[in-house]
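Novice: After the structure tokens below, expect a handful of questions from me.
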There are 2 protein chains.
Amino acid sequence: MLDKTTRMNYLYDFYQSLLTPKQSSYMSLYYLEDYSLGEIAEEYDVSRQAVYDNIKRTEAMLEEYEEKLLLFEKFQERSKLISNIKEMITSGDPEDRLLQAVAELEKLD
Amino acid sequence: MLDKTTRMNYLYDFYQSLLTPKQSSYMSLYYLEDYSLGEIAEEYDVSRQAVYDNIKRTEAMLEEYEEKLLLFEKFQERSKLISNIKEMITSGDPEDRLLQAVAELEKLD
């Protein structure tokens, strides 16, 4: 299991375009630039609690989007398959096995 | 350019999970099962105009999601690359060219 920060970084990366500009700024400062809640609150002249609530809600939204669209999960599966295919190519695996591996990749979509 | 029905079928397929149950039912009846607006209106006991408005709004939502997430566009690019890779495998292309093609696929994510 990934730690929460890494997971949120990935989910933010995949679903960022679905967030409001404010949600996106808070998440980016908190998760990518490692600001504290207090620092974000000061930057935006709001209460620490308001920042906390907004970030919690955004995290829940990102998890909901992932539950519905599975972009991160599919990305991980695709990465595994692609890295297998590269290994098979490098070790000179036969044509039929390569084609089979590529077909699995195709099925993911 | 794909005709509108085909495009909507694809977008519906990719973003269906983000629609409400009603939006999803109307779209599915209209685009997948080829019901007329009047037939859907009768089925749900609402006006033909209400069905029309709902479907128009849903179509716009699907296009907005595609603008933000590009799932259909990336799917098409991935399909092209995968079909190239299969051809290269079948025609016995050398290892370095195969690896290059797989790397392009990887970059898409």
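All of the numbers you see were taken from the coordinates with simple rules; none came from a lab. Please read these numbers as outputs of a predicted model, since none were measured by experiment. With ideal geometry, Cβ positions are generated from the backbone for all residues, glycine too; neighbour counts draw on all protein chains shown.
Novice: Which FRET efficiency value, to the nearest 0.05, is calculated for A:V46 and A:D13 with the Förster distance at 25 angstrom and r the Cβ-Cβ distance?
Specialist: On the way: r = 25 Å, r/R0 = 1.01.
That gives a FRET efficiency of 0.50.
Novice: A further question follows. Go ahead and set up a Gaussian network model of chain A, Cα springs under 10 Å, then flag whichever of A:L98, A:L69, A:L81 fluctuates most.
Specialist: Among A:L98, A:L69, A:L81, the largest GNM mean-square fluctuation belongs to A:L98.
Novice: While we're here: Would you please give the residues with an amide H less than 5 Å from that of A:Y35, counting only those at least 5 places away or on a separate chain, with H modeled from the backbone geometry?
Specialist: Under 5 Å from the amide H of A:Y35: A:Y30.
Novice: Please compute, for peptide B:82-90, the average count of beta-carbon atoms on other protein chains lying within 10 Å of each residue's beta-carbon.
Specialist: Details: counts 5, 2, 0, 7, 5, 0, 2, 10, 3.
Mean partner-chain Cβ count within 10 Å for B:82-90: 4.
Novice: Oh, and also: For region B:4-68, what is the convex hull volume of the alpha-carbon atoms per residue, in Å³? Write out the running numbers ahead of the final one.
Specialist: Values: hull volume 4.7 nm³, N = 65.
In region B:4-68, the Cα hull volume divided by residue count equals 73 Å³.
Novice: Sticking with this one: With the crude spin-label approximation of a point 7 Å out along Cα→Cβ, what separation in nm comes out for B:K22 versus B:E39?
Specialist: 2.2
Novice: Treating the beta-carbon of each Lys and Arg as +1 and of each Asp and Glu as -1, no other charges, what is the dipole magnitude of the protein assembly as shown about its Cα centre, to the nearest 20 debye? Can you show the working numbers first?
Specialist: Numbers: 26 positive and 46 negative charges, 29 e Å.
Charge dipole, the protein assembly as shown, about its Cα centre: 140 debye, nearest 20.
Novice: In nm to one decimal, list the spacings between the A:Y44 label point and its equivalents in the other copies, with label points set 7 Å along Cα to Cβ, shortest first.
Specialist: 3.5
Novice: Can you give the calculated 222 nm mean residue ellipticity of chain A, where each DSSP H run of n ≥ 4 adds -39,500 (n - 2.57) and the sum is split over every residue, rounded to the nearest 500 deg cm²/dmol? Before the final figure, lay out each step's value.
Specialist: On the way: 6 runs with 82 residues, N = 109.
Mean residue ellipticity, 222 nm, calculated: -24000 deg cm²/dmol.
Novice: Once every Cα of the protein assembly as shown carries one equal point scatterer and solvent is ignored, give the base-10 log of I(q)/I(0) from the Debye formula at q = 0.16 Å⁻¹, two decimals.
Specialist: -1.08
Novice: Quick one: with label points 7 Å out along Cα→Cβ, list the inter-copy distances for B:L32 in nm, shortest first?
Specialist: Ordered by distance, the counterparts are at 3.6 nm.
Novice: Another question, then. Toward the positive end of the charge dipole of chain A, about the Cα centre and with charges on Cβ (Lys, Arg +1; Asp, Glu -1), which of A:Y30, A:Q49, A:Y12 goes farthest?
Specialist: Going by the Cα projections, it comes out as A:Q49.
Novice: Hey, in the GNM for chain B with a 10 angstrom Cα cutoff, which one of B:E87, B:E66, B:E42 fluctuates hardest?
Specialist: In this elastic network of chain B, the residue with the biggest mean-square fluctuation among B:E87, B:E66, B:E42 is B:E87.
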